[in-house]
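> Structure in structure tokens, see below.
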Amino acid sequence: MEDLRAKVALGCRILALEDQGDFVWGHVSTRDPGGNGVWMKASTLGFEEIQPENVILVGWDGDVLEGDGRRHAEWPIHTELMRTRPDVASVVHTHAPWAVAFASTEQPLRPVSHEATLFVPPDVARFTKTGDLILTRELGGDVAGAVGERNAAFMVHHGIVTCGADVVTAVMTAVLLERACRTNIRALAAGGPRTWSSDEEALAKREHCYPPQLLRQAWDYLARRVDAR
Ligand SMILES: [Zn+2]
């Protein structure tokens, strides 16, 4: 269990390094191996402040079952996505600034560099029912519905949600989605983009650039940079 709490905490600090913090908002979680809910970042702290003891067990109904700290109001994003996706063991929700700005343009995400090929084709899923906070299990279920079988969705006017089979995958998926949006905005600001990978090339690059072992290498590199701070 301590390993998982340490993983969630490191994931939070990596997201801080990648400028995805929004004061004390945004969260990372992982599924409790005992089936009792999700271990997630406690509220009132920024991503860069999170240590293993700031990761608490939140039950399927939102009760804090273990650990010290307050629960985030948007806990249903995590519980409902994991409830509907047995293959998902980690969820990230941030107010990623480039992604929020990009989603508001309603432009399709183009694979103009490596990063977007983790998502496209098809275009990134979008949750548009509300830009407000996800405060109920029903809304959490709606977010899970928007994600479907995908690894991410834009929460338009709000942020992003990403998921994966482990914390490394969910966090690196959030990192890459934000970087893909930043690159797309830069291209749009320069009057483009006018060229990008075909679907075929993008799908090949997804396999070549982002298999689990390479995501892990990128995570390890970011973890070293967190340590060096
Ligand atoms: Zn939020």
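The values are calculated or read from the model by the stated rules, or taken from the named source; none is laboratory data. This is a predicted model, so every value here is computed, not measured. Neighbour counts run over all protein chains shown; Cβ positions are idealised from the backbone, glycine included.
> Is it the case that the range 142-159 has a residue that's touching an Asp or Glu at 6+ places or on another chain (Cβ under 7 Å), farther than 28 Å from Pro211 by Cβ, surrounded by 21 or more Cβ atoms within 10 Å (Cβ to Cβ) and touching a residue at least 12 places away in the same chain (Cβ under 8 Å)?
No: the range 142-159 contains no residue that is touching an Asp or Glu at 6+ places or on another chain (Cβ under 7 Å), farther than 28 Å from Pro211 by Cβ, surrounded by 21 or more Cβ atoms within 10 Å (Cβ to Cβ) and touching a residue at least 12 places away in the same chain (Cβ under 8 Å).
> Another one. Return the total of residues in the range 27-55 being free of Cβ contacts under 8 Å to residues at least 60 places away in the same chain and either crowded, with 24+ Cβ neighbours inside 10 Å or in contact with a Ser or Thr (Cβ under 8 Å, 6 or more places away or on another chain) (or both).
Counting residues in the range 27-55 that are free of Cβ contacts under 8 Å to residues at least 60 places away in the same chain and either crowded, with 24+ Cβ neighbours inside 10 Å or in contact with a Ser or Thr (Cβ under 8 Å, 6 or more places away or on another chain) (or both) gives 9.
> Among the residues of the range 169-190, which ones are within 18 Å of the chain's Cα centre (by Cα), closer than 13 Å to Val100 by Cβ and surrounded by fewer than 21 Cβ atoms within 10 Å (Cβ to Cβ)?
Hit for the range 169-190 is Arg182, nothing else.
> Oh, and also: Of all strands (runs of 3 or more DSSP E) completely enclosed by the range 51-152, which ones contain at least 2 residues that are of a type in the set (A, V, I, L, M)?
Values: elements: 55-58, 64-66, 90-94, 125-127.
Passing ranges, in order: 55-58, 64-66, 90-94.
> Turning to a different aspect of this structure: Considering only the range 120-139, state which residues are more than 14 Å from the ligand (Cβ to nearest atom) and of a type in the set (Val, Ile, Thr).
Val120, Val124, Thr128
> Say whether the condition of being assigned to a helix (DSSP H, G or I) and either under 23 Å from Ala6 (Cα atoms) or free of Cβ contacts under 8 Å to residues at least 24 places away in the same chain (or both) is met by at least one residue in the range 175-182. Show your work before the answer.
Step one: of the range 175-182, the residues assigned to a helix (DSSP H, G or I) are 175-182.
Subset that is either under 23 Å from Ala6 (Cα atoms) or free of Cβ contacts under 8 Å to residues at least 24 places away in the same chain (or both): 175-176.
Checking the range 175-182: at least one residue is assigned to a helix (DSSP H, G or I) and either under 23 Å from Ala6 (Cα atoms) or free of Cβ contacts under 8 Å to residues at least 24 places away in the same chain (or both).
> Is it fair to say Arg110 is basic (Lys, Arg), more than 16 Å from the ligand (Cβ to nearest atom) and either out of contact with any His (no Cβ under 7 Å at 6 or more places or on another chain) or modelled with pLDDT of 95 or more (or both)? Explain how you work it out, then say what you get.
Working: basic (Lys, Arg): yes; more than 16 Å from the ligand (Cβ to nearest atom): yes; either out of contact with any His (no Cβ under 7 Å at 6 or more places or on another chain) or modelled with pLDDT of 95 or more (or both): yes.
Against the criterion (basic (Lys, Arg), more than 16 Å from the ligand (Cβ to nearest atom) and either out of contact with any His (no Cβ under 7 Å at 6 or more places or on another chain) or modelled with pLDDT of 95 or more (or both)), Arg110 qualifies.
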